[in-house]
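To start, the structure itself, in structure tokens.
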Amino acid sequence: MKYACLIYSDENDAVANPDPASPEFQPMMAGYVKFGEESTAAGVNLGGEPLANTSSATSVQLRDGEIITTDGPFAETKEQLGGFYILDCDSLDEAISWAAKIPHAATGTIEVRPVPDFSQAG
Amino acid sequence: MVDPVNHRIEQLVRDEWPKLVATLVGELGDLGLAEDAAQDAAEVALRRWLDDGIPDRPGAWITTVARRRAVDRIRREKLGQEKAAQLARLQARMAINDGAEAGHGANMLRDEQLALIFGCCHPALSVEAQIALTLRAVGGLTTAEIARGFVVPEPTMAQRLVRAKRKIATAAIPFRIPDDAELLSRLGVVHHVLYLIFNEGYVASRGHDHVRDDLTAEAIRLSRLLATLLNDDAETHGQLALFLFIESRRPARTDAAGDIVLLADQDRSLWDRHLIAEASAALERAMALASPGPYQLEAAINGLHAEAASEVDTDWAQIVLLYRELSRRRPTPVTTLNLAVAVALAGGPAAGLELLDAPDLAAELAEYRYYHSARADLLRRLDDPAAGDAYRRALQLTDSEPERRFLAQRLDQLTS
């Protein structure tokens, strides 16, 4: 069973998301390296990526055949989607235990969403 | 007119229900299908046992029928690989032992029932869903009965159950006993669900009956089951003791007109001595396990009420100590409110009022009707005219008919 772990946190909070030039940045990255190694060694990590800040986001819609682009994220929220993993776990309990190990679980929120398997759908 | 044989059969089917659903969930890995098959089998049992008599091993009988019904349902409804896998598991089970539970020992059955309870009370589900699933899958209540208990339309409750089961299936919420590391917090969720079911029965806050005893009875049934399954968990026994002590006072809690009778004014000869004895035994069992907790403290407080011949004879000093320990372990505004009431009875209304009028508590419980009714009562005893306003505030906040009548009556007595 695949689960997407969506990593939400306040991108303007210097504690949750320290500036790459600050000394706090390295320990946070080290936490992600550790998570990546552990989850890969356990065979559950199917991949994941960090996302650049929402200030660099562009929202795209197709309306009447016309592409409409807007500056900014889909929704303005207090916590923003900052990255994700796809994990392969036996159950939600296993996914929850991995999600709790993602460094931002301590400062933000990890939303765990099952990835449906449509391959057997009629 | 209740037919005794019919009643006994219904009782038997109810008692078998959690074991049956737990076994089927273990074999099928599908709560919805397990419930449907169990329902089919329960209906067959109710009909057949009335005609042919109760079989020697009703549990084995009903399990066999349920497995066959599950096979029928899978053949009709399921698609592809999932169907093949489920059928294979079921048929293997039926081939090993068609009709008997041998090879399906007591331990396995115990673990399956616990797994079912923990699955229904999984923290990834909403509290409403946890309650509904527990009553349906473990308690065997019908959707209509649950809807009636929680005063929501039946389609709403059916929708709630469907959504919950869909989430269980989509997110692969497992039916398993949690690891030691999470057991305590997961058990806390189970206790919370049972507590909410009991409380909903105790104070039908949106209904017109002061007591909806079907839900309290159901919570007690579930609590007894949990205490059997988790014989070494102190808080589980403590919670059972608490429920039973409170339930023992039910015959005295309302008068013939359905009006509320406060603890102080209750006819204590009406208290159910059998339930009190069972409650005391459960509390003793809990305390022997030497792992104190909030439910045991609350049970001990209620045990002191059960022992006392009247309100005056009650050991209020001891109750104050127990509430202090309770607020240390579970510091909630409502615990402080209860502490204040006990302090008032132990040391006079002024001492209790002082605690109630602490600005933090007053702010936190500003919308809580029992805060205002307790405060009103203490003010009344002190002949303080502010009692009237406090009763009026409590009246504004209650939507229970018997409570409204009670408060209005007190307010009347005040002004006359």
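Residues that are within 14 Å of chain A (Cβ to nearest Cβ) and not polar (S, T, N, Q): does the range B:103-118 have at least one? For the range B:103-118, residues within 14 Å of chain A (Cβ to nearest Cβ) and not polar (S, T, N, Q): present. For the range B:120-230, which helices (runs of 4 or more DSSP H) that fit wholly inside it have 2 or more residues that are aromatic (Phe, Trp, Tyr)? Once the helices (runs of 4 or more DSSP H) in the range B:120-230 are filtered for at least 2 residues that are aromatic (Phe, Trp, Tyr), what remains is B:180-202.
B:Ile197 meets the conditions (1) surrounded by fewer than 20 Cβ atoms within 10 Å (Cβ to Cβ); (2) farther than 30 Å from B:Glu82 by Cβ; (3) touching a helix residue (DSSP H, G or I) at 6+ places or on another chain (Cβ under 9 Å) in every case but one. The failed one is (1). Restricting the first member to the range B:293-322 and to residues that are in contact (Cβ under 8 Å) with a residue 12 or more places away in the chain and more than 15 Å from B:Ala282 (Cβ to Cβ), and the second to residues that are among the polar types (S, T, N, Q) and crowded, with 23+ Cβ neighbours inside 10 Å, no beta-carbon pair is closer than 9 Å while six or more apart or on different chains.
Among the residues here, B:Gly53 qualifies as open to solvent by 30 Å² or more (accessible area, probe 1.4 Å) and without any contact (Cβ under 8 Å) to a residue 40 or more places away in the chain. Within the range B:231-274, the set of residues being part of a helix (DSSP H, G or I), of a type in the set (A, V, I, L, M, F, W, C) and open to solvent by 30 Å² or more (accessible area, probe 1.4 Å) comprises B:Leu263, B:Ala264, B:Leu270. If you go through the range B:50-81 and keep only what is touching a helix residue (DSSP H, G or I) at 6+ places or on another chain (Cβ under 9 Å), within 14 Å of another protein chain (Cβ to nearest Cβ) and not in a helix (DSSP H, G or I), you end up with just B:Lys78. For the range A:98-122, enumerate the residues that are within 11 Å of chain B (Cβ to nearest Cβ), open to solvent by 60 Å² or more (accessible area, probe 1.4 Å) and under 26 Å from A:Asp10 (Cβ atoms). Within the range A:98-122, A:Ala100, A:Arg113 meet the criteria.
Name the residues in the range B:9-44 that are of a type in the set (Ser, Thr, Tyr) and open to solvent by 50 Å² or more (accessible area, probe 1.4 Å), would you? Matches in the range B:9-44: none. Screening A:Ala41 with (1) under 29 Å from B:Asp180 (Cβ atoms); (2) surrounded by fewer than 10 Cβ atoms within 10 Å (Cβ to Cβ); (3) within 14 Å of chain B (Cβ to nearest Cβ) gives one miss only, at (3).
The residue pairs whose first member lies in the range B:247-273 and is within 19 Å of B:Asp214 (Cα to Cα), whose second member is buried (at least 17 other Cβ atoms within 10 Å of the Cβ) and of a type in the set (Ser, Thr, Tyr), and whose beta carbons are closer than 8 Å, counting only pairs six or more residues apart or on different chains, are B:Glu247/B:Thr216; B:Arg250/B:Thr216; B:Trp271/B:Ser248; B:Asp272/B:Ser248.
Of the residues examined, B:Arg47 is not one that is open to solvent by 50 Å² or more (accessible area, probe 1.4 Å), part of a helix (DSSP H, G or I), among the basic types (Lys, Arg) and under 18 Å from B:Thr143 (Cβ atoms). Just the residues that are away from chain A (no Cβ under 14 Å), without any contact (Cβ under 8 Å) to a residue 40 or more places away in the chain and not polar (S, T, N, Q), please, taken from the range B:172-205. Hits for the range B:172-205 are B:Leu184, B:Gly188. Among the residues of the range B:323-334, write down those that are surrounded by fewer than 20 Cβ atoms within 10 Å (Cβ to Cβ) and in contact with a helix residue (DSSP H, G or I) (Cβ under 7 Å, 6 or more places away or on another chain). Those that are surrounded by fewer than 20 Cβ atoms within 10 Å (Cβ to Cβ) and in contact with a helix residue (DSSP H, G or I) (Cβ under 7 Å, 6 or more places away or on another chain): B:Arg324, B:Glu325, B:Ser327, B:Arg329, B:Arg330, B:Pro333. Just one of the listed residues (B:Tyr295, B:Tyr368) is assigned by TED's automatic domain parsing to the domain that holds B:Thr415, surrounded by 15 or more Cβ atoms within 10 Å (Cβ to Cβ) and among the aromatic types (Phe, Trp, Tyr), and it is B:Tyr368.
Taken over the range A:74-90, the criterion of being buried (at least 16 other Cβ atoms within 10 Å of the Cβ) and away from chain B (no Cβ under 14 Å) is satisfied by A:Glu79, A:Gln80, A:Leu81, A:Gly82, A:Gly83, A:Phe84, A:Tyr85. Residues in the range B:154-171 that are free of Cβ contacts under 8 Å to residues at least 12 places away in the same chain and either away from chain A (no Cβ under 14 Å) or crowded, with 19+ Cβ neighbours inside 10 Å (or both): B:Glu154, B:Pro155, B:Thr156, B:Gln159, B:Val162. Applying the criterion of being in a loop (DSSP other than H, G, I, E, B) and of a type in the set (S, T, N, Q) to the residues of the range A:9-62, the residue that is farthest from the chain's Cα centre (by Cα) is A:Ser22.
The values are calculated or read from the model by the stated rules, or taken from the named source; none is laboratory data. These figures come from a predicted structure and were not determined experimentally. Every residue, glycine among them, receives a Cβ derived from its backbone with ideal geometry; neighbour counts consider all protein chains shown. For accessibility, only protein heavy atoms count, side chains too; no ligands or nucleic acids. Shrake-Rupley method; radii C 1.70, N 1.55, O 1.52, S 1.80 Å.
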